[in-house]
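Heads up, the thing below is written out as structure tokens.
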Amino acid sequence: MAAPHPDGAANGRDSDPGSEPGTAHDRDTDPWSGAGPIVKREPAVKLLNPVSGLEPLAWSEDHRVSAASSSSVAVMEVLCDPRSGAQDLLVQRSSIPLPDRVCVLKVGPEKEVQQAKDKLASSKDPAISQAFMLDRVMNPNVGNLAPLRGMKYACWSPLGCDSNGRSLLASLTLDGRLTLHGSPRSLHWSPLVDLTDMYGRMLEEKDYSLPGAEAPLGPLDDPAELRRRYRMQSPVRMEWSGVCTTQEVQTNNECKDVGTVLLAVLMENGDVVIWHFQLPFVDRDSVVSCNTIRSGVSAPSVLAWWEYEHSGRKMSGLIVGSSVGPVKILPVNLRAIKGYFTLRQPVVLWQETDQIPVHNIKCISLFHPHQKCNCSLVVAARGPYVFWCLLLITKAGLNVHNSHVTGLHSTPIISMATNRYAGSIFTCSLDGSVKKLKPIFTEAAITFKQELVALPEGVAGRRMHGIALSPNGAYLALVSADGLVNGQHPVSRNYQVQFITLKTPEEAAAELLSSTIQNLFQQADLLDLVRLKVLQDKRIPPHLLEKLDDKLHTCGTPYPWRLKLFLYRVLYQSRQKASAEAQWWLSHEDTKVFIADEETGEEDSEEPSTAEDPTTTTTATENSNEAEGGAIEEQTSEIIAWIEEMESHLAREHMKRVLGEVYLHTWITENTSIPTRGVCDFLSSDTTYNDRTAKVLIGHIFKKMNKQTFPEYCSLCKEVLPFTDHKQAVCSNGHIWLRCVLTYQACQSLKYRRCLLRDSIARYAVPEDPDWIKKILQGPCTFCDFPLC
Ligand SMILES: [Zn+2]
Ligand SMILES: [Zn+2]
């Protein structure tokens, strides 16, 4: 066994108490002070039920980790909140329960199906009757076997698929029900569509003979045909494509950007069903089309999208792997999506039927430093090996290099994780060893640097079931059960999800600074490492602040301002904690003055032991503490002033953008839901704000408004709501309404959306809103980039 700590499994439990990392003292010291970037983060999240299915763990681009279990999908939202003073990860749990009903596939008229089944069950030939009775797909809930219960697989859509701009979850149960779930409100899940049911109805309408799908084999009472009808709608795995944006010409000749996404579902018979959804996905009406193609792959086990951009052309296809060995890319022709190209014919990446099952496939886009162009790296976990294939389009056509990475694991790989931005691949085998593969380009092809991921204590030695990488590679989540205790298997296993860091805060800060994503929410995993550093040090790393200040004025986008605001908010929290400690210390001192002892309590100790301060030094300590308290207070008020300054900068910049939209989209004097006049007055009345473009814009808008003011009125007392504050509106009778952070309208209804970090609110879009206002309302929070939901 190639476990990193061979004896870890045996004494993992015993060595715990002494080094439990959960105590405050331990965590106040820098966890990265040791060697390497890998540190265990608390808390570990216990799962109520055993994990089930393949690749049970998945990490979404919007920072939600799903764990598929025998009773539900447990969802853990990892929230990077600057207002949380805690040094632990902030994990919010929710869950999507398994449907109550067993999934029954429709294969024909009920009576005929029953007759066909009876015929098979009562067949004199045991080869037919036994095979039929044991077939769990055809017999989900009859016979002596308990129905299959549990999740088989779950996967997250890319960002921007639901009405809040977040990800959707596609989940597949062991009995074959594929559903999409969305989270309309934070921590609430609702089923959006049952795709298994929808596909079954389509098949029924077309009499089980869809163009592109496997052709019928005979009448329904033919066992082969009955089996075919089941297998053609039993999903094996599914995978989301990236979001495709296309332009649609409206009736008024205006172009509108339309987002769509594809979900490819691999069926047991090798058919691939490609669902095409319009975004944002709302309900079954968001389904644009559904096409079936035949892969021709026998015993298909897994699929992945092949997405490749080459000299401005987007290529796509589907990579399908088989449980008997082969891997190939299929062309996917989608006439509906303009600007996307596909292959002329299938490309076989691995053709040997060597009985080594393909467990997982990932496709990574990389830049080839020698060929100076993009290339596509396909990696597949096959048994204990990683099969790789480098695809490159040159003048000579499609170039394919492939090989296997061997000697990685001594048992089959059970989980493989990678992400779009980082080229590294993580693999995990059942014995608990986790390896990292880093691709290194050579002139001809590629080699891989192998590294063992040294799992920290408490993680090492556990029985691993799956791993998942955070979107920017800052964290690795691992789902595991108890390993051996004193060489024995435990009586019952506890399943838990643990988190380890893969980067240091310094590396995370450097990535945030040089980021091309320019969005805090999308980089919240990196941000969380920096948050932790600021909380621990009670200061922002000076070189980070320096570089950020340079960017503030040269960059011209809100991103560096939002990053700085975030860091100051964390800094404020760290000071709150420091100040609370100082105050507690002072009051503590007062009661303890009469106690004499030799030792002096440490200044920054969180829990000074009950007894010990010499009377002689008390006054001095008190004074210094008072002075310290005063200094902290002064610094705190300075921080608050900075926070307010940055918030109003971001608000003013957004107001300018909103006014630009108003100017662009209103042709006559018009009363929109945006308090245009109020925003203009607010910007002009601010003497510290001297922006020429804003002044010019306001001048143009005033001309257009033609002396009209269109004030807002308080819905309770009908008084005018003045625009004196970008966060709230107060009428002369003292009624307070919060302002929408996106449109600045006073939100006078009880229903509104809140920023995930709770620092702002936004109103819901209503059907009367023109498209340009709806578009403004789709934006993220202007202070922090986090979604409003
Ligand atoms: Zn009022
Ligand atoms: Zn916010």
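What spacing in nm lies between the two simple spin-label points modelled at R344 and N252, each 7 Å away from Cα in the Cβ direction?
In this crude spin-label approximation the distance works out to 4.5 nm.
Count neighbours as other Cβ atoms within 10 Å of each site's Cβ, and list the trypsin sites (Lys or Arg not before Pro) in the range 119-217 that are DSSP loop with at most 16 such neighbours.
Details: sites: K119, K124, R136, R149, K152, R166, R177, R185, R201, K206; in loops: K124, R136, R149, R166, R177, R185, K206.
When the trypsin sites (Lys or Arg not before Pro) of the range 119-217 are filtered for loop state and at most 16 Cβ neighbours within 10 Å, K124, R136, R149, R185, K206 remain.
Would you work out the Kirkwood radius for the range 252-362? I mean one over the mean of 1/r across all pairs of different Cα atoms, in Å.
Hydrodynamic radius (Kirkwood, Cα only) of the range 252-362 equals 15.2 Å.
Calculated from DSSP H runs of 4 or more alone, at -39500 (n - 2.57) each and per residue, what is the 222 nm mean residue ellipticity of the chain, nearest 500?
On the way: 14 runs with 203 residues, N = 789.
It lands at -8500 deg cm²/dmol.
Enter the accessible area of D162 (Å², nearest 10), with the probe set to 1.4 Å and all protein chains included.
10 Å²
Given Cα pairs under 8 Å that are at least 6 residues apart, what percent is the relative contact order of the range 666-777?
Once divided by the residue count of the range 666-777, the mean separation gives 19 percent.
Rounded to the nearest angstrom and ordered from largest down, what semi-axes does the equivalent ellipsoid of the range 230-292 get from its C-alpha gyration tensor (root of 5λ)?
29, 11, 9
Using only alpha-carbon positions, what ratio does the radius of gyration of the chain give when scaled by 2.2 N^0.38 Å?
Taking N as the residue count of the chain, the ratio is 1.08.
Å³ per residue of the Cα convex hull, for the range 630-693?
Working: hull volume 6.3 nm³, N = 64.
Given the Cα convex hull of the range 630-693, per-residue volume reads 99 Å³.
Within straight cross-link reach of K695, meaning Cα distance under 18 Å, which lysines are found once same-chain residues fewer than 8 apart are removed?
Candidates past the 8-residue exclusion: K656, K703, K704, K707.
Read phi for every residue in the range 291-299 and hand back ³J(HN,Hα) as whole Hz from Karplus 6.51 cos²θ - 1.76 cosθ + 1.60, θ = phi - 60°, with x for Gly and Pro.
Each residue's phi maps through the Karplus curve to give 10, 10, 10, 9, 8, x, 8, 8, 6 Hz.
Could you order H181, H553 so the one with the most accessible surface comes first? Probe is 1.4 Å. Please list the in-between numbers first.
Numbers: H181 20, H553 145 Å².
Final ranking, largest accessible area leading: H553, H181.
Calculate log10 I(q)/I(0) of the range 110-236 for q = 0.17, 0.20 Å⁻¹, where I(q) comes from the Debye formula with a single equal point scatterer on each Cα and nothing for solvent.
The Cα Debye sum returns log10 ratios of -0.98, -1.18.
What number, in nm² with one decimal, is the all-direction average of the projected area of the convex hull of the alpha-carbon atoms of the range 666-777? Can you show the working numbers first?
On the way: hull surface 32.7 nm².
Averaged projected hull area, Cα only: 8.2 nm².
Hey, what's the per residue convex hull volume over the C-alpha atoms of the range 277-336, in cubic angstrom?
118 Å³
If you wrap a convex hull around the C-alpha atoms of the range 31-99 and split its volume per residue, what is the figure in Å³?
Numbers: hull volume 8.9 nm³, N = 69.
Taking only Cα atoms, the range 31-99 has a hull volume of 129 Å³ per residue.
Strictly greater than 16 Å: what percent of every Cα pair in the range 99-165 meets that?
62 percent
Hey, which lysines would be in cross-link range of K547, C-alpha to C-alpha under 16 Å, not counting anything within fewer than 8 residues on its own chain?
Here the lysines satisfying the reach criterion relative to K547 are K564.
Taking R0 as 30 Å, what's the FRET efficiency between L48 and R185 from their Cβ-Cβ distance, rounded to 0.05?
0.85
Mind checking the full-extension length gain between L217 and K751? Use 0.36 nm per residue of separation minus the Cα-Cα distance, one decimal, nm.
Contour length minus the Cα-Cα distance gives 186.7 nm.
How would T245, T724 line up by accessible area, probe 1.4 Å, largest first?
T724, T245
I'd like the trypsin sites (Lys or Arg not before Pro) in the range 273-349 restricted to DSSP loop residues with at most 15 other Cβ atoms within 10 Å, sorted by number.
Passing both the DSSP loop test and the Cβ count: R335, K338, R344.
Semi-axes of the equivalent ellipsoid of the range 181-316: what are they in whole Å, largest first, if each equals the square root of 5 times a C-alpha gyration tensor eigenvalue?
30, 19, 16
Across 5 Å bins from 0, what is the distribution of all Cα-Cα pair distances for the range 161-212, in whole percents?
Spelled out per bin, shortest first, that is 5, 18, 21, 17, 16, 12, 7, 4, 1.
Using modelled backbone amide H atoms (1.01 Å from N, in-plane), which distant-in-sequence or interchain residues come within less than 5 Å of W306's amide H?
G317, L318, I319
Report in % the part of the accessible area of the chain that belongs to carbon and sulfur, leaving out ligands and nucleic acids; probe 1.4 Å.
Carbon-and-sulfur percentage of accessible area, whole number: 52.
Give me the one-decimal nm value for the distance between modelled label points at K124 and S311, 7 Å along each residue's Cα-to-Cβ direction.
7.0 nm
In whole Å, what are the Cα extents of the range 322-425 along the three principal axes, biggest one first?
Reported extents, whole Å, longest axis first: 44, 29, 26.
How much of the calculated P(r) for the range 210-258 lies past 18 Å, in percent of all Cα pairs?
Details: 706 of 1176 pairs.
Value for the range 210-258: 60 percent of Cα pairs lie more than 18 Å apart.
Among the helices of the chain (complete DSSP H runs), which have Cα atoms covering no less than 18 Å along the helix axis and a Kyte-Doolittle mean of at least -0.5?
The answer, listed by residue number, is 524-537, 692-705.
The values are calculated or read from the model by the stated rules, or taken from the named source; none is laboratory data. Source: prediction; values computed, not measured. Using ideal geometry, Cβ is built from the backbone for each residue, glycine included, and neighbour counts are taken over all protein chains shown. These accessible areas exclude ligands, DNA and RNA; they are computed on the full protein's heavy atoms, side chains included. Shrake-Rupley method; radii C 1.70, N 1.55, O 1.52, S 1.80 Å.
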